[in-house]
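A quick write-up on the structure given underneath.
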Amino acid sequence: MEKSKTNGRKSLKIIITLVFLAALLVVLNFALGSIIARNFRDGLQESLGDDIYLTRGSFTANPAMRSLEGEGIEVYGRTGRVTADMLDISMSFQDMIALVWGENIDDDFLNTKDLKLSLFGVRLEDNDQNLLLAMEQFDMDYTGNADLEQEHLDFEAGIRVSQIDLNPVRSNLIESGEADEIQSMVGIDVEELNLINIVMRVSSQDFFPEGMEERYEFKINQLDFETNYLDLFSEFDLAYHLESEEIEVFDSRIEIEFASQELRQAIQFFAMISGVQLNFENDRLILEFEGRY
């Protein structure tokens, strides 16, 4: 009987200890999350530069789940504002904890592993509250390795953008009369132009000197986008020369598939009168080029 009571007390002590440790971890997670959210908000404001302000936004972080979320975000500048309904970020636990100290954020970001960022309900408006651009969803993933002192940067990144409402007339890029001319010439109603999907994947090699000139070499492994009128699929192997501010294309291939027969015929017509030879394969326009630009 006495032995049974002793075992019962030990079990109760173990349970109490476990409950205490669990409560301690919850409190610690909440405290670290508060610091991370505050540092993230402060760092975001600093990165925006002069005359651009983070005017609204509620941020929360959960280190245990490696997640950071934001709601009701508004960034205001002299020419207008950008709003987002929701921000969702996931990253490694190590990178999450680095935000606690709030130091060397630039280096930490370039060395981030398995970062995933999503924005939902993005809107760009001018100072008269005219809608210039609306985006349903923006996704980005990134993993990298960097040593800025040694000018070493190696990364892989990807973006996906869904449902962008584009209207160049509403955003004053072109006038309504010009929009009518475009529709009559190539059959595109630019006021109803929607960018349905963009996917891009990029990978870099090292940042290295070549003679007296430095260049940053990378590959656009995938660049695809889809609109109401055409789909584009492409890839590039290229480098950016810093000193001469030139892009050197080593290899490229662009495939364009037209959903609008009128647009295809118009492009073929303008190419013919300009003396340009177009290459079509399986009803796709193929473009390949290289050199410095």
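The values are calculated or read from the model by the stated rules, or taken from the named source; none is laboratory data. This is a predicted model, so every value here is computed, not measured. Here Cβ is always computed from backbone atoms with ideal geometry, including for glycine, and neighbour counts include all displayed protein chains. The accessibility values were calculated without ligands, DNA or RNA, using every heavy atom of the protein model including side chains. Shrake-Rupley method; radii C 1.70, N 1.55, O 1.52, S 1.80 Å.
Do you know which residues across region 36-55 are surrounded by 14 or more Cβ atoms within 10 Å (Cβ to Cβ) and free of Cβ contacts under 8 Å to residues at least 24 places away in the same chain?
R38, R41, L44, Q45, L54
Is there any pair with a first residue in region 6-35 that is part of a helix (DSSP H, G or I) and a second that is polar (S, T, N, Q) and modelled with pLDDT of 80 or more whose Cβ atoms are under 6 Å apart and which are 6 or more apart or on different chains, and what are they?
Filtered contacts from region 6-35: G33/N62.
For the subset of region 101-138 comprising residues that are open to solvent by 70 Å² or more (accessible area, probe 1.4 Å) and on the phi > 0 side of the Ramachandran plot, which member is modelled with the lowest pLDDT?
My answer is N104.
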